[in-house]
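J.: Before I ask anything, let me first share the structure, which is written out below as structure tokens.
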Amino acid sequence: MDAQRALLDELMGAARNLTEEERKGYKEVSWDDKEVCGFYMVRFCPHDLFVNTRSDLGPCPRIHDPKLKESFDKSPRHDAYVPKFEAELSQFCEKLVMDLDRRVRRGRERLAQEVEPAPPPPLTAEKSEQLSVLEEKIKNLLEQVESLGEAGKVDEAEALMRKVETLNAEKTALTQPQNDKLLMLGQEKKMALCEICGSFLVANDAAERTQSHVTGKQHVGYGMVRDFINEFKTAKEKANEEERLAREREVEERRKQREKESERRRSDSSDRDRHRDKDHNRERDRYRDRDSDRERSREHDVRGYRDGGRGMDYRVRNGGRDRYRDRSRSRSPVKHSHRRSS
């Protein structure tokens with residue numbers, strides 16, 4: 001019937017049997033709703049582990065639905081929600097284990113206490129009187145045995161010693177039952193404490209009873225809880241370590257990048273300084289060459305003036321006068337022509 005109901009739910013929906021009025025207020029439940037148990041989605045729900053045991057947590061107030069769990073496993077958001085659900089489950093389990101560990105410590109303290117045997121209760125008046133009579137008889141017989149031994153009557157002394165032994169046995173019988181009770185209390189079965197689930201066990205008990213405890217719901221449930229906590233802490237420490245190493249690698253890469261950038265800037269600065277020095281040297285050489293050319297030109301002019309300065313001046317003056325005359329002629333050709341004709 002359950003299989004058929006699940007098939008119908010899958011084909012027609014969970015609200016197939018609802019009336020129109022009921023459908024108006026019906027809400028389709030999704031795995032990410034608050035009403036759904038995230039513990040059940042990701043691992044296990046602790047409420048399911050201790051049913052009908054001393055550690056029974058009662059029914060879970062949230063929804064446990066295999067179809068929702070299957071939907072969660074197939075969801076593209078599965079990996080994003082797993083850390084959240086596992087962290088919440090870890091907090092819940094840690095509270096359970098803290099409460100259990102307190103009980104374990106108290107139980108361990110109880111077992112560690114050495115129970116002092118109680119002093120024997122006083123004998124009754126009747127037994128005390130009997131004990132006094134027996135002790136007096138034993139004392140008199142021992143005196144007689146000593147006297148007979150000194151007189152050399154060995155057989156008679158041995159006969160009295162047998163009576164003394166009988167009286168000692170009676171004396172022991174008066175106190176033996178109380179001693180037996182104390183001995184039984186001291187030899188009572190010793191208890192042991194299970195460190196996993198906090199249950200008290202009989203030390204050196206039969207293998208069947210020990211196996212029954214190990215496979216019981218409480219022991220298995222707390223074993224699952226403790227294993228999950230250890231697994232979660234180990235994974236978290238590993239993730240934190242990987243994150244720390246990643247940060248260190250990132251810091252190291254940034255440091256190397258800064259060093260490369262600094263080295264590049266230093267190299268660029270050196271190149272600029274080198275080019276600046278080359279430009280400066282080139283400019284200085286250019287000015288030096290220009291000064292040298294000027295100096296050579298000046299020396300050449302001075303030398304030329306010394307060698308033929310006068311003739312040059314006369315040619316320059318005459319050349320200037322001739323050029324003036326030629327310009328004047330070119331400006332007034334009619335006047336010159338009239339003057340020639342007259």
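The values are calculated or read from the model by the stated rules, or taken from the named source; none is laboratory data. Fair warning: this is a prediction, and the values are worked out from it, not measured in the lab. Note: ideal-geometry Cβ built from the backbone for every residue, glycine included; neighbour counts use all protein chains shown. Heavy atoms of the whole protein, side chains included, go into the accessibility calculation; ligands, DNA and RNA do not. Shrake-Rupley method; radii C 1.70, N 1.55, O 1.52, S 1.80 Å.
J.: So which residues in region 203-241 are assigned to a helix (DSSP H, G or I) and among the hydrophobic types (A, V, I, L, M, F, W, C)?
T.: Filtering region 203-241 down to residues assigned to a helix (DSSP H, G or I) leaves 207-214, 217-241.
Matches in region 203-241: Ala207, Val214, Val220, Met224, Val225, Phe228, Ile229, Phe232, Ala235, Ala239.
J.: Okay, moving on. Could you run through region 109-143 and say how many residues are under 29 Å from Asp56 (Cα atoms) and modelled with pLDDT under 85?
T.: Within region 109-143, residues that are under 29 Å from Asp56 (Cα atoms) and modelled with pLDDT under 85 number 3.
J.: Among (1) farther than 25 Å from Val97 by Cα; (2) at pLDDT 90 or above; (3) hydrophobic (A, V, I, L, M, F, W, C), which single condition is Ala206 missing?
T.: Going through (1) farther than 25 Å from Val97 by Cα; (2) at pLDDT 90 or above; (3) hydrophobic (A, V, I, L, M, F, W, C) one by one, Ala206 breaks only (2).
J.: A further question follows. Taking the criterion of being part of a helix (DSSP H, G or I), surrounded by 14 or more Cβ atoms within 10 Å (Cβ to Cβ) and in the same structural domain as Trp31 (by the TED database), would at least one residue in region 47-64 satisfy it? Reasoning before the result, please.
T.: Within region 47-64, the first condition is being part of a helix (DSSP H, G or I), and the residues that meet it are 47-48.
Subset that is surrounded by 14 or more Cβ atoms within 10 Å (Cβ to Cβ): 47-48.
Next, from what is left, pick out any that are in the same structural domain as Trp31 (by the TED database): 47-48.
Yes, region 47-64 contains at least one residue that is part of a helix (DSSP H, G or I), surrounded by 14 or more Cβ atoms within 10 Å (Cβ to Cβ) and in the same structural domain as Trp31 (by the TED database).
J.: While we're on this one: Tell me which residues, restricted to region 218-230, are within 14 Å of Phe44 (Cα to Cα) and open to solvent by 20 Å² or more (accessible area, probe 1.4 Å).
T.: Val220, Met224, Arg226, Asp227, listed by residue number.
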